[in-house]
Amino acid sequence: MKTRNLIFYVIPLLFSVTSCGNSEGPAKKAYFTLWNENVSTSLTTLKNFVNDVTDEKSKNFIPVEDRIATFDMDGTFVGELYPTYFEYNLLEYRVFDDPSYKDKAPASVKEAAQTIRDYARGVITEFPKGFDMTHANAAAEAYSGMSVKDFDKFVKDYAKKDANGFKNMTYGESFYKPMLEVFDYLKDYGFTSYVVSGSDRYICRALTESIGIEPNHVIGMDVELKSSKQGDADGVDYTMGSDEYLVRTNKLIIKNLKTNKVKQISQEIGKVPVLSFGNSSGDSAMHNYCKSNDKYRSEVFMLIADDEVRDHANLVETAKRKAAWEEAKYNIISMKDDFKTIYGDGVEKTDFHFDD
């Protein structure tokens, strides 16, 4: 697969609660130029919510320090249909194409990577039940022994590759550009945004660094780390030296899906969000946690991939999700109806292609 320099669509996201404390909001600014603003009911709901809770005269006013927004990553503001999740594609590459590893992968890791390959090529139409955990454990094993620094480079190098199923876009450029405008808007109104993803925390950090998301605002799947010279010693008994560095191990700590997302939000943020954005059943618990906020008004949003012209939509699955989200009373963001563009000018959907 051809590679080229990674050019990210960068917008000035600082993700800082210090950016806005003015109840009147920021100066008048055109935020949603990439949305069909006049027809998007979800966007109207979001703007009405923000205007309400940032107005000091409103009974629903939320102080800046409590304006917490949580975002899933894959399928919420980063593409996931090329032909599957970025981290799944990455594991397939690691096992079958990475010259430093492809002849060393254990059988269990090869089996997981083969399942991903079979799904991508249509040999199977869905992943086996529980495959998210199968993949998580295989990924922990596949990257074990890599330093945190080397893994970051590995992810970013893969992100430079052309995204399968698209023309004029790399994996690292595959942000839903209208959703980046949401980040920008919330930042200016004093919200602090966190990425809460089922993907590996360090993958998320590598992918979102270019859009200004601070690494301490990323929550994801975790594996245990250890010092490069630690060996089998427990961390409580071992003192890391100044010449050492952190490496990944094959021990999975947590797969950050469903209720695990809520647990991690509570542990790492310590506050119940007032806004939540997602796209799948793995985000429902996080949304329900947000809706349970008994101190402040809250809103939750589910994005549906219903555009088969500009993206690789599964309309049957999308229809099921939409019905479920409507029943749960989540606000629905439609790629087809709400977005003027998805990935930006010049990006075109193509058929999937495979080199093997």
Which of (1) 110, 52, 39; (2) 63, 52, 38; (3) 60, 51, 42 is the computed Cα extents along the principal axes in Å? It is (2)
The distance between the Cα centres of the stretch 285-338 and the stretch 214-267, in whole Å, is 31 Å
For ASP200, other-chain or 5+-apart residues with amide H closer than 5 Å (H placed, Pro excluded) are MET221
So the FRET efficiency between ASP351 and LEU246, C-beta based with R0 = 45 Å and rounded to 0.05, is 0.65
If one compares the long axis through the Cα atoms of helix 148-159 with the longest principal axis of the Cα atoms of the chain, the angle in degrees, nearest 10, works out at 80 degrees
The size of the Cβ-based charge dipole (Lys, Arg +1; Asp, Glu -1) of the chain about the Cα centre, to the nearest 20 debye, is 320 debye
Longest the chain segment clear of GluC sites (Glu not before Pro) sitting in DSSP loops (not H, G, I, E or B) with at most 12 other Cβ atoms within 10 Å runs 127-356
Over the chain, the sum of -39500 (n - 2.57) across DSSP H runs of at least four, divided by residue number and rounded to 500 deg cm²/dmol, gives at 222 nm -10000 deg cm²/dmol
For the stretch 24-108, listing trypsin sites (Lys or Arg not before Pro) in a DSSP loop whose Cβ sees at most 13 other Cβ atoms within 10 Å gives LYS28, LYS29, LYS57, LYS59, LYS104
Over all pairs of different Cα atoms in the stretch 149-282, the reciprocal of the mean inverse distance gives a Kirkwood radius in Å of 17.1 Å
With no solvent term and unit scatterers on the alpha-carbon positions of the stretch 86-162, Debye gives log₁₀ I(q)/I(0) at q = 0.12, 0.19, 0.26 Å⁻¹ of -0.32, -0.80, -1.36
Rounded to the nearest 0.05, FRET efficiency between PHE127 and LYS167 (Cβ-Cβ, R0 30 Å) equals 0.65
Between ASN48 and THR239, the two model label points (7 Å from Cα along the beta-carbon direction) sit apart by a distance in nm of 6.1 nm
Residue by residue through the stretch 176-183, the couplings from Karplus 6.51 cos²θ - 1.76 cosθ + 1.60 with θ = phi - 60°, in Hz, x for Gly and Pro, are 6, 4, x, 6, 5, 5, 5, 4
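Values in this text are rule-based calculations from the coordinates and carry no lab data. Computed from a prediction, not measured in an experiment: that's the story for all the values here. Heads up, the Cβs are rebuilt from the backbone with ideal geometry, glycines too, and the neighbour counts pull from every protein chain shown.
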